[in-house]
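The structure appears below as structure tokens.
The values are calculated or read from the model by the stated rules, or taken from the named source; none is laboratory data. Owing to the predicted nature of the structure, the values given are computational and were not obtained by experimental measurement. With ideal geometry, Cβ positions are generated from the backbone for all residues, glycine too; neighbour counts draw on all protein chains shown.
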Amino acid sequence: MEKNIDRVVEILDRSHNTVVVTGAGISTEAGIPDFRGPEGIYRKLGENRVMKIINIDFFRNNPLEFYKFYRQYFIFPPVEPGKAHQVLAEMEKAGIIKAIVTQNIDNLHQKAGSQKVIPIHGNGARFLCQERNCRSVHDSNYVNTYPEVIPRCSQCGGILKPDVVLFGEHIKNYPDAMDRILGARVLVVIGSSLTVYPLAGFVKEFSTFTQYLIIINKGPTPLDHAAVVKLQEGNTGELLEEIFEKIKKRRKQ
Ligand code: NAD
């Protein structure tokens, strides 16, 4: 383990273009469950049920059932960024990482102070009016205190949709995310099962032409064999802190 950490330190210290990809696993230590981990939402609710309901067609055809489910499981309680989010923000300030491409909708990277964040699945704290000529934005506080199950726009009464990518919708920031990942010298994946496309496809493509893929993930991923280092034990926030401290120490020498 120590040898692997030292290898990560060496690679990150030498790289001038490191990009980080994060998934739901980076936020579990902050208190938000992931989908596919041992405590994940899929295990609790069943993958098919989640995919059926958190789907754009289901939302359009049955907003009442959609919101009954979404309100219960997908409007996260307000939580603070974990150590992993904080260390990544510090690493960006120190010039060690260039950008974070995230699948998460919890805004914890932005809250921790990371500047260059590319969210590809949207923002779970925003809700958009679906009326074409309105499109007003509302926050989760508005939705949480709305007196009915289906939240409606304060301006026109239109139905609000979470500003997140539901199953059946295209990801956001596609070109930016792809350019960042494929243009990176080193890619560090943290807390993603690497099973959600197209992001998993970008990482796979990256791994076919460079050896510098690092994976920090508790569970297995289909690209473990392609990683120069895979770290899977311990607390991820503490692991990142150790890596950061060691890079700072090297740079002082
Ligand atoms: P995933 O749930 O498919 O995989 C998470 C991975 O993280 C698992 O392999 C798990 O073993 C690992 N993991 C769990 N805790 C960890 C920790 N402390 N340190 C390191 N690894 C840990 O996540 P995904 O690949 O991001 O895909 C899930 C989808 O669900 C995404 O599209 C995302 O939008 C959405 N989602 C987001 C949130 C969030 O915003 N916090 C939460 C749940 C789901």
With the structure loaded, tell me whether Lys230 is farther than 26 Å from Glu47 by Cβ, modelled with pLDDT of 95 or more and not β-branched (Val, Ile, Thr) or whether it fails that test.
no
Counting only strands (runs of 3 or more DSSP E) wholly inside segment 118-205, the ones holding at least 1 residues that are in contact with a helix residue (DSSP H, G or I) (Cβ under 8 Å, 6 or more places away or on another chain), more than 10 Å from the ligand (Cβ to nearest atom) and among the aliphatic types (A, V, I, L, M) are 122-129, 160-164, 186-190
Under 6 Å between Cβ atoms, at least 6 apart or on separate chains: pull out the pairs that start in segment 231-249 with a residue that is in a helix (DSSP H, G or I) and end on any residue that is of a type in the set (Lys, Arg).
Gly237/Lys83
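Just one of Val101, Val21, Val9 is over 29 Å from Gln130 (Cα atoms) and in contact with a strand residue (DSSP E or B) (Cβ under 6 Å, 6 or more places away or on another chain); which is it?
Val21
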Working only within segment 7-51, note down all residues that are among the basic types (Lys, Arg) and over 21 Å from the mean Cα position of the chain (by Cα).
Arg7, Arg14, Arg49
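Look through Ile190, Ile171, Ile150, Ile105 and report the one residue that is surrounded by fewer than 18 Cβ atoms within 10 Å (Cβ to Cβ), aliphatic (A, V, I, L, M), under 28 Å from Val50 (Cβ atoms) and under 14 Å from the mean Cα position of the chain (by Cα).
Ile171
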Return yes when Glu92 is modelled with pLDDT of 95 or more, among the acidic types (Asp, Glu), more than 14 Å from the chain's Cα centre (by Cα) and surrounded by 18 or more Cβ atoms within 10 Å (Cβ to Cβ) and no when it is not.
yes
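With at pLDDT 95 or above and within 24 Å of Leu108 (Cα to Cα) as the only criterion, which of Asp224, Asp163 stands out?
Asp163
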From Glu148, Glu169, residue being in contact (Cβ under 8 Å) with a residue 12 or more places away in the chain, acidic (Asp, Glu) and out of contact with any strand residue (DSSP E or B) (no Cβ under 8 Å at 6 or more places or on another chain):
Glu169
Looking at (1) within 14 Å of the ligand (Cβ to nearest atom); (2) closer than 20 Å to Thr221 by Cβ; (3) part of a helix (DSSP H, G or I), which is the one condition that is false for Ile11?
(1)
Given (1) away from the ligand (no atom under 16 Å from the Cβ); (2) within 19 Å of the chain's Cα centre (by Cα); (3) surrounded by fewer than 19 Cβ atoms within 10 Å (Cβ to Cβ); (4) not in a helix (DSSP H, G or I), index of the condition Ile97 fails
(3)
Those residues of segment 25-44 which are near the ligand (Cβ under 6 Å from one of its atoms), closer than 14 Å to Gln232 by Cβ and either out of contact with any strand residue (DSSP E or B) (no Cβ under 9 Å at 6 or more places or on another chain) or aromatic (Phe, Trp, Tyr) (or both) amount to Thr28, Gly37
Qualifying positions in segment 206-219 - touching a residue at least 24 places away in the same chain (Cβ under 8 Å) and either within 12 Å of the ligand (Cβ to nearest atom) or not in a helix (DSSP H, G or I) (or both):
Thr210, Tyr212, Leu213, Ile214, Ile215, Ile216, Asn217, Lys218, Gly219
